[in-house]
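The values are calculated or read from the model by the stated rules, or taken from the named source; none is laboratory data. Because the structure is predicted, anything quoted here is derived from the model rather than measured. Methodologically, a virtual Cβ is constructed for each residue, glycine included, from the backbone with ideal geometry; neighbour enumeration extends over all protein chains shown.
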Amino acid sequence: MTVGDITGIASLVLVLVAIWKGWFEGKNLQKTGENLSAELMSKYQEMVDSSLDRSLKLSSRLAELETSDRQKTAEIQDLKEKDRQKDLKIQDLEQQLIDWKDWAERLVAQVESLGVVPEEFISRSTHIGGSNERREVSQRKARRAAKK
């Protein structure tokens, strides 16, 4: 055996060892890759599942808020309508009050034209304006007294 033969055999052994090592490491890498792939897929699936759960919760909450918003909007519309009806009623009552005052003034003038002093109007109102009406009655009373 010559040095060339030993070198050739050593080279062949090294090549076989390198091939065996490459094949073995390839298998290990493949197993590691499969393990990493499985682990990554598991993590990915967990992320997708948690995202879906959060999405469902958010969708549910959004639906609740939309329902609540529709209810509040309907309540606001109802309150606006009630407010409008009350405004109309107040306007009607104010007009009736003006009509009654006009009629009372005409009636007082008729009674006074017959020479009779009408009974003094006494307001039972405790709201704003009650004192103004008393002042008006006092002024009318003074005018009647001045006419006599």
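Evaluating residue 108 against the criteria (1) touching a Lys or Arg at 6+ places or on another chain (Cβ under 9 Å); (2) surrounded by fewer than 10 Cβ atoms within 10 Å (Cβ to Cβ) leaves one unmet condition, (2). Of all the numbered requirements in (1) at pLDDT below 95; (2) surrounded by 10 or more Cβ atoms within 10 Å (Cβ to Cβ), residue 71 misses one, and that requirement is (1). A Cβ distance below 6 Å, combined with a sequence gap of six or more or placement on separate chains, defines the contacts here; from segment 100-120, residues that are farther than 16 Å from residue 139 by Cα reach residues that are outside any helix (DSSP H, G or I) in the pairs 111/118.
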